Ligand SMILES: Cc1cc2nc3c(=O)[nH]c(=O)nc-3n(C[C@H](O)[C@H](O)[C@H](O)COP(=O)(O)OP(=O)(O)OC[C@H]3O[C@@H](n4cnc5c(N)ncnc54)[C@H](O)[C@@H]3O)c2cc1C
C-alpha cells in the first residue's frame with residue numbers, strides 16, 4: 001500500500017479531509033492535478049457551521065490571521081435575489097469570515113502537511129479501479145504515468161469529478177440556463193458614495209449595494225474589505241457562454257445589457273462566468289471509493305459550498321479511520337452517506353427554493369419575493385432561514401432513535417468547570433477525539449464508558465444551564481447520545497452502552513457480555 005487513503009483533489013474538501021485523517025491516525029496521500037495553488041475566482045469567504053467546526057479544531061486564529069478580519073456575525077445574507085437582514089437579531093444565526101479560497105487552500109494545505117500528509121501537486125488521476133481489498137489510481141505524474149494503491153480513495157475532485165464518473169455514480173439534477181458573471185473590480189472613487197456605499201452610475205443615478213433587478217436581469221454588488229467591489233450580473237436570457245476565459249469587456253457588456261447604462265470599470269483581479277447547477281450524487285460511496293465536496297453536490301447559490309463540502313470531510317474522516325484501524329462497528333462507514341447525503345439534500349432544498357424566488361420579473365414573481373420578505377420581517381422565520389443557510393438546523397438521523405432532542409445535532413460549545421480549571425467543548429475537540437462528558441457527576445455513566453476509554457476521552461465537569469446530564473460527542477462534534485436530566489441510572493447506562501457499541505465498536509476488555517451488543 002502506498003497510503004491508507006488516496007485523496008483526489010487538493011481543494012478545500014480534500015485538504016480538510018487530509019488533516020482530519022491525520023488527526024485520526026491514518027496516512028493520506030493527496031493527488032492534485034494543478035502543479036501549484038491557483039488564484040481561481042471562487043469563494044470569497046466562509047460561513048455557516050464550518051466556522052464553528054474550525055473553532056472546535058483550534059483553527060480560527062489561523063483563519064482570522066489569513067483573512068485579516070475577525071470572524072463576525074453576518075449582518076445579512078443574500079437569499080433568492082433578496083438581501084436578508086440579521087443585524088437586529090441579538091443571537092445571530094450565521095457567522096462568517098471573509099477569506100479568498102486561495103488563502104483557505106494554502107492554510108488547509110499547510111496544516112495537512114504539518115500533520116503528516118503528502119501532497120503531490122501536478123499529479124492527475126486518470127483512472128480508478130477497485131477490488132475486494134484495495135483501490136488503485138492511475139496517475140499522470142509530471143515525469144511519467146504511475147499507479148498508487150490504498151485501502152480507500154476519496155474523490156474530492158470537484159463538480160466534474162472523474163472519480164465519480166469512473167465509479168459510475170449518477171449525478172442527477174439541473175443546470176440552470178441563466179449566466180452569471182462575477183468580477184472583483186475597481187471603479188473610479190468619484191462613483192462611490194461615502195456612507196451607504198451606493199454607486200453613482202452615469203446616466204442612471206444611484207444604485208445601492210445588494211441586488212438591483214431590471215427587466216433584463218440582476219445586477220448585484222458589494223464592497224470588499226480589501227478594497228474594490230465584487231460585482232455580479234445574472235442575465236435571465238440564456239446567453240452563449242463558452243469555455244474562453246472571462247474578460248473585463250465581457251463583464252462590462254453584460255452590465256450594459258442589464259442596467260442599460262455603462263459602468264466604468266478599472267482593474268479586475270478576479271473574473272469568472274458560471275451557470276448554477278443543482279445536483280447530488282446518488283451515492284456517496286461505492287465500495288472503497290467515496291465522494292466529498294463538490295464532487296458529491298452542486299448548489300444553485302453561492303456561499304454554502306465550502307461549509308457543506310468541508311463538513312463532509314469532517315464526517316467521513318473518523319469513520320474511514322475506524323475502518324482502516326479495524327474497529328469500526330458494522331454500518332459506520334455507510335452512515336457517512338446517510339448523514340451527509342441528508343445534509344446535502346437539505347442544502348439543495350433551500351438553494352433550489354432560492355432559484356424559484358429569484359427567477360422572473362413579472363408581477364407574480366415580484367409578489368412572491370415581496371411576500372417572502374414580509375414573512376422574514378418576523379424573527380422566528382428569519383432565524384429558521386438563517387439556520388438553513390448555515391446548516392445549523394441539521395439533525396442527523398440516528399440509528400437508535402432517541403427521545404433526547406440533542407442526539408444527532410452539533411454539540412453546543414459549553415463552558416466547562418472542573419477541578420482542573422475552566423475549559424470548553426470547543427477546546428476539548430481540538431484533537432478530534434470523541435468525548436464522554438459527564439455534566440452531573442454520574443459515576444454509573446463514567447463507569448459504563450470506562451470500557452471504551454481507549455477510544456474516547458471521559459471528562460467530568462459542571463456547566464451553567466446544562467442541556468443534559470451527559471453527552472457522548474463524536475469526533476465530528478455531533479452528539480451520539482445524551483442522558484436526559486435525571487434519567488434513571490439503569491436506562492442511561494444501557495442506552496449509553498448501545499451508543500458506544502454503535503459508534504465506537506467493541507469495548508477494550510469485554511466485561512460487557514457479547515449478548516449486549518446492539519444489532
Ligand atoms: C464564483 C464562485 C464563487 C463561490 N463563492 C463561494 C462562497 O463565497 N462561499 C462558499 O462556501 N462557496 C463558494 N463557492 C463554491 C466553492 O468554491 C466550492 O464549493 C468549493 O471549491 C468546493 O471545494 P472542493 O474541494 O469540493 O472542490 P474544488 O475546489 O473544485 O477542488 C477540486 C480539486 O480537485 C482537483 N482535481 C480535479 N480533477 C482531478 C484529477 N483527475 N486528479 C487530480 N486532481 C483533480 C482540482 O484541480 C481542484 O484543485 C463559489 C464557487 C464559485 C464558482
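Assorted remarks:
- Residue in segment 269-287 that is surrounded by 24 or more Cβ atoms within 10 Å (Cβ to Cβ), part of a loop (DSSP other than H, G, I, E, B) and more than 14 Å from the chain's Cα centre (by Cα) present: yes
- Condition met for residue 17 (at pLDDT below 95, near the ligand (Cβ under 10 Å from one of its atoms) and touching a helix residue (DSSP H, G or I) at 6+ places or on another chain (Cβ under 8 Å)): no
- Flag if residue 352 is modelled with pLDDT of 95 or more, more than 15 Å from the chain's Cα centre (by Cα) and assigned to a helix (DSSP H, G or I): yes
- Checked against the criterion of being in a loop (DSSP other than H, G, I, E, B), touching a residue at least 40 places away in the same chain (Cβ under 8 Å) and surrounded by 19 or more Cβ atoms within 10 Å (Cβ to Cβ), the candidates 317, 301 yield just one match: 301.
- Condition met for residue 422 (modelled with pLDDT of 95 or more, outside any loop (DSSP other than H, G, I, E, B), surrounded by fewer than 23 Cβ atoms within 10 Å (Cβ to Cβ) and more than 28 Å from the chain's Cα centre (by Cα)): yes
- At least 1 residues being within 30 Å of residue 375 (Cα to Cα) is the threshold, and among the strands (runs of 3 or more DSSP E) wholly inside segment 1-107 those reaching it are 45-47, 76-79, 82-85, 95-98.
For (1) surrounded by fewer than 21 Cβ atoms within 10 Å (Cβ to Cβ); (2) within 14 Å of the ligand (Cβ to nearest atom); (3) without any contact (Cβ under 8 Å) to a residue 40 or more places away in the chain; (4) closer than 20 Å to residue 119 by Cβ, each residue gets a yes or a no:
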residue: 21; (1), (2), (3), (4): no, no, no, yes
residue: 26; (1), (2), (3), (4): no, no, no, yes
residue: 32; (1), (2), (3), (4): no, yes, no, yes
residue: 35; (1), (2), (3), (4): yes, yes, no, yes
residue: 39; (1), (2), (3), (4): yes, yes, no, yes
residue: 47; (1), (2), (3), (4): no, yes, no, no
residue: 50; (1), (2), (3), (4): no, yes, no, no
residue: 58; (1), (2), (3), (4): yes, no, no, no
residue: 61; (1), (2), (3), (4): yes, no, yes, no
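- Residue match in segment 64-75 (condition: closer than 30 Å to residue 366 by Cα, within 16 Å of the ligand (Cβ to nearest atom), more than 17 Å from the chain's Cα centre (by Cα) and surrounded by fewer than 20 Cβ atoms within 10 Å (Cβ to Cβ)): yes
- Per the listing 127, 155, the residue uniquely in contact with a strand residue (DSSP E or B) (Cβ under 6 Å, 6 or more places away or on another chain), free of Cβ contacts under 8 Å to residues at least 40 places away in the same chain, near the ligand (Cβ under 10 Å from one of its atoms) and within 26 Å of residue 297 (Cβ to Cβ) is 127.
- Looking only at segment 175-195, and only at residues there that are without any contact (Cβ under 8 Å) to a residue 40 or more places away in the chain and in contact with a strand residue (DSSP E or B) (Cβ under 7 Å, 6 or more places away or on another chain), the one that is farthest from the ligand (Cβ to nearest atom): 193
The values are calculated or read from the model by the stated rules, or taken from the named source; none is laboratory data. In this text the structure is predicted, and so the values were computed from the model without any measurement. Cβ atoms come from the backbone with ideal geometry, glycine included; neighbour counts cover every protein chain shown.
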